[in-house]
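The values are calculated or read from the model by the stated rules, or taken from the named source; none is laboratory data. Keep in mind it's a predicted model, so treat the numbers as computed, not measured. Here the Cβ positions follow ideal geometry from the backbone for every residue, glycine too, while neighbour counts run over all protein chains shown.
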Amino acid sequence: MLSKKKTFSGKDSKLARYILSEINNFYMGSKELVANPNETELNLEHILPQKPSGSWLDKFSKTDYKLYIYRLGNMTLLDSSTNRKIGNRSFPDKCKVFSKSKLEITKEVSEASIWSPKQIEERQEKMSRAAYQIWRLGY
């Protein structure tokens, strides 16, 4: 499912938020916990920023940027005020914020030492396995 659906942008952002919320609940072992569905309070955070600058430009080529920016593996959930504050900061700076999150799907990102296409692919594959278990997909 997630490996076939490579990117989520524009109108797909609501679907991405839903999938991330469900995977977060799965990671936390709770079917009752629901991440806030209000997109004005809980944002879809692009770990590799949508408008990269600084160190991000050194780590991702233009081709890689286009391939990975809207991948689910590059997205997480973050409260809107925090999301605005971290903006396009470096990955280590974002990790300091992510490590304090109450959402497991966000906290786990802070465990990575770098953020690269490889990490995005590995994270998306992990999410695909979780999605398979959540929705009992038959493929």
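Some values worked out for this structure:
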quantity	calculated
Any hit, region 21-36, residues being among the acidic types (Asp, Glu), under 25 Å from Arg136 (Cα atoms) and either in a loop (DSSP other than H, G, I, E, B) or free of Cβ contacts under 8 Å to residues at least 60 places away in the same chain (or both)	yes
Every residue from region 62-81 that is of a type outside the set (A, V, I, L, M) and buried (at least 17 other Cβ atoms within 10 Å of the Cβ)	Tyr65, Tyr68, Tyr70, Arg71, Gly73, Asn74, Thr76, Asp79
Among the residues listed as Asn88, Asn83, Asn43, the single one being touching an Asp or Glu at 6+ places or on another chain (Cβ under 6 Å) and modelled with pLDDT under 95	Asn83
Matching residues, region 61-119, being assigned to a loop (DSSP other than H, G, I, E, B) and closer than 14 Å to Pro49 by Cβ	Ile69, Tyr70, Arg71, Gly87, Asn88, Arg89, Ser90, Trp115
Glu122 being surrounded by fewer than 15 Cβ atoms within 10 Å (Cβ to Cβ), in a helix (DSSP H, G or I), touching a residue at least 40 places away in the same chain (Cβ under 8 Å) and not hydrophobic (A, V, I, L, M, F, W, C)	yes
Filter result (touching a helix residue (DSSP H, G or I) at 6+ places or on another chain (Cβ under 8 Å) and farther than 22 Å from Ser21 by Cβ) within region 90-114	Ser90, Phe91, Asp93, Lys96, Ile114
Flag for Leu15 being in a helix (DSSP H, G or I), at pLDDT 80 or above, loosely packed, with under 12 Cβ neighbours inside 10 Å and among the hydrophobic types (A, V, I, L, M, F, W, C)	no
